[in-house]
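Asks: Sharing a structure with you now.
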Amino acid sequence: MKVGKAKCDDVNVGAASGTADLARAASSGHRKGWRGCRAAFLMVALSIGVVTASSAQIIPQDYFYVPPNPLPPGKPGDVIRTRTITAPLFPNALIQQIMYLSSTASGKPVAVTGVVATPLLRAAGQPLVVMTPGTRGTGDQCAPSRQFGVTSASPDGLDYESGTTQQLLARGISVVLTDYEGQGTPGLTSYLVGRSEGYNGLDALRAAQRLPGAGVPAGAPVGVVGYSQGGQAAGWVAELQPTYAPELNFRGALVGGVPTDMLVEVNHLNGNPTAGAGFGLAALSGLDHAFPELNLDGRLTDFGRQVMQDVRTSCFDKYLTAYGTTSAADVTQPNALSDSQWQQRFKASLLGTKVPGAPAFIYHGTADQVVPFALGQLLFSSWCSRGADVTFKGLIGLEHGTGNFAGPPDGIDWIAQRLAGVAAAHGCFDVTLP
């Protein structure tokens, strides 16, 4: 794997209380060059609604998130437990947190949590969308279902996809969010492992249909909406649906800011302050959790083990601040990630190798500094070459954070039409405006 160093001006970025020494050490090899970049990568956090002090915390025990041991018998998508909560941003919807059965990347049963929002006024056909969330972090406190409808920044993050959720609910479309494997529940998360995310998203749709009181019948039209990490997950939902969940009446996939090729993406993030290098460290942890034979901990330096422990229990803001310039070479032994096992696992994460189960709409900022624009184009061309019906929209001049907000209006119109039974145009269309 390539190792790169970023170049900006001289600056120091302070770390969260309790981890200042670790953060200073993590950035010591890259301080030269931060003044110009600091504003850029902090802008990513501001644009998605949160810069916090934070975030590796001990959270109060909430036994709702502790799965039964052993897991109950059942099928993927079966509901294990549920409870009703209040969410001030969504006064006209019934909100239920859920725990449901799903599958790991290797096909083993696992309990996953999430949240279902059912509008009081539902559209004809009672459509349902799974929202595959973007990166909130890898600590349990950052789980989307824990932060659902939160209205202000906290050390645990913010529900920065609430605007998209509101648009869907306003159209009478029910929404289920997945926390993904290991997010919220005990243990580590398989962060940016597409197969795991795809299974979790499809089983969230099943769980919402099987949830008493949600009013989403089997056979209702369903779709997926996701951006960034959620865009990757949405793409995997679309590709896995025909074989993993063929019974679903799957109508469309709205995919934004998608890291199509994880080998390219991790190399792009590596030590890159404008992209947020800490996201790359979290991705290494996620892949290792999904495939323990990779033995990441055995390849880390002593310093690397300290960093990775902090990353694994943090929310995404720390990826930008404390570890915004930390490269793989800073935390691993020489050539630790260059062997065939790691390379093969990254290559197996490639999206676009199968035809999606329904038409897709892809959007991506042309100035995206976190996930290169070329990766959105790659998924478009890959799916088109396999005969899929795909619309692609480049968001001119927009970077990763602003793309999250600018893309949904057109995309929400598009997915709502698919759920309403309006057929997508056959073929591939690039609707990027010059």
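Asks: Mind sorting LEU168, LEU101, LEU121 by how few other Cβ atoms lie within 10 Å of their own Cβ, fewest first? Display every interim value, and only then the final one.
Replies: Working: LEU168 26, LEU101 22, LEU121 10.
Ascending Cβ contact count within 10 Å gives the list LEU121, LEU101, LEU168.
Asks: So, in nm, how far is label SER385 from label ALA367 when the simple model puts each one 7 Å beyond its Cα toward the Cβ?
Replies: 3.1
Asks: Let me ask another. Just rank TYR180, TYR100, fewest to most, by other beta-carbon atoms within 10 angstrom. Intermediate results must be reported in sequence, preceding the final value.
Replies: On the way: TYR180 33, TYR100 28.
Ordered by Cβ neighbours within 10 Å, fewest first: TYR100, TYR180.
Asks: Working out 0.36 nm times the residue gap between SER340 and ALA123, then minus their Cα-Cα distance, what length gain in nm do you get to one decimal? Don't skip to the answer; put the middle values down first.
Replies: Working: separation 217, 0.36 × 217 = 78.12 nm, distance 4.99 nm.
Working it through step by step, the gained length comes to 73.1 nm.
Asks: Could you tell me which of rounded, prolate or oblate describes the range 68-186, using a ≥ b ≥ c as the square roots of the eigenvalues of the alpha-carbon gyration tensor, with rounded for a/c under 1.5 and, failing that, prolate when a/b is larger than b/c and oblate otherwise? All intermediate terms of the calculation are to be shown ahead of the outcome.
Replies: Working: a/c = 1.99, a/b = 1.28, b/c = 1.55.
In terms of gyration-tensor shape, oblate.
Asks: Continuing with the same structure: Students often check this: by mean Cβ neighbours within 10 Å, which of 369-378, 140-149, 227-236 ranks highest, and how do the rest follow? Could the numbers behind the result be given before it?
Replies: Numbers: 369-378: 21.3, 140-149: 25.1, 227-236: 30.3.
Highest to lowest by the protection proxy: 227-236, 140-149, 369-378.
Asks: On a full-extension model of 0.36 nm per residue, what is the gain between ALA420 and LEU71, subtracting their alpha-carbon distance, rounded to one decimal in nm? Show your work: numbers first, answer last.
Replies: Details: separation 349, 0.36 × 349 = 125.64 nm, distance 3.69 nm.
Here the segment from ALA420 to LEU71 would lengthen by 121.9 nm.
Asks: While we're here: Starting at the first residue of the range 421-431, write each ³J(HN,Hα) from the Karplus equation 6.51 cos²θ - 1.76 cosθ + 1.60 with θ = phi - 60°, in whole Hz, x for Gly and Pro.
Replies: x, 7, 5, 6, 4, 7, x, 10, 9, 9, 9
Asks: Using only alpha carbon pairs under 8 Å that are at least six residues apart, calculate the relative contact order of the range 69-203 and give it in whole percent.
Replies: Numbers: 281 pairs, mean separation 38.3, N = 135.
Contact order relative to length: 28 percent.
Asks: Less than 11 Å Cβ to Cβ from TYR323, Lys/Arg counted +1 and Asp/Glu -1: what total charge do the surrounding residues give?
Replies: Details: positive: LYS318; negative: ASP310, ASP317, ASP330.
Around TYR323, the charge tally is -2.
Asks: To continue, here is another question. Take GLU161, GLU247 and order them by how many other Cβ atoms sit within 10 Å, fewest up front. Let's see the in-between values first.
Replies: Values: GLU161 28, GLU247 11.
By the 10 Å Cβ count, ascending, the order reads GLU247, GLU161.
Asks: Sort the range 370-427 into rounded, prolate or oblate with this rule: let a ≥ b ≥ c be the square roots of the eigenvalues of the Cα gyration tensor; rounded if a/c is under 1.5, and if a/c is not under 1.5, prolate when a/b is larger than b/c, oblate otherwise.
Replies: Numbers: a/c = 3.10, a/b = 1.24, b/c = 2.51.
Judged from the Cα gyration tensor, the range 370-427 comes out oblate (a/c at least 1.5, b/c at or above a/b).
Asks: Here is a follow-up. Starting from 0.36 nm per residue, how many nanometres of slack lie between ASP410 and ILE85 once their C-alpha separation is accounted for? Don't jump to the answer; show the numbers that get you there.
Replies: Values: separation 325, 0.36 × 325 = 117.00 nm, distance 3.05 nm.
Additional length available on full extension: 114.0 nm.
Asks: OK, next. Magnitude of the Cβ-charge dipole of the range 214-348, K/R +1 and D/E -1, about the Cα centre, nearest 20 debye?
Replies: On the way: 7 positive and 12 negative charges, 38 e Å.
Dipole size: approximately 180 debye.
Asks: Less than 14 Å Cβ to Cβ from SER196, Lys/Arg counted +1 and Asp/Glu -1: what total charge do the surrounding residues give? Walk me through the numbers on the way to the answer.
Replies: Numbers: positive: LYS108, ARG195, ARG345; negative: ASP179, GLU181, GLU197, ASP203, GLU239, ASP288.
Residues near SER196 contribute -3 overall.
Asks: Calculate, for ALA374 and ASN295, the FRET efficiency according to 1/(1 + (r/R0)^6) with r their C-beta to C-beta distance and R0 45 Å; round to the nearest 0.05.
Replies: Details: r = 31 Å, r/R0 = 0.70.
For ALA374 and ASN295, the calculated efficiency is 0.90.
FYI, it's all coordinate maths here, none of it is from the lab. Predicted model, so just to flag it, every value in this text is computed and none were measured. In this analysis, Cβ positions are derived from the backbone assuming ideal geometry, glycine residues included, and neighbour counts consider all displayed protein chains.
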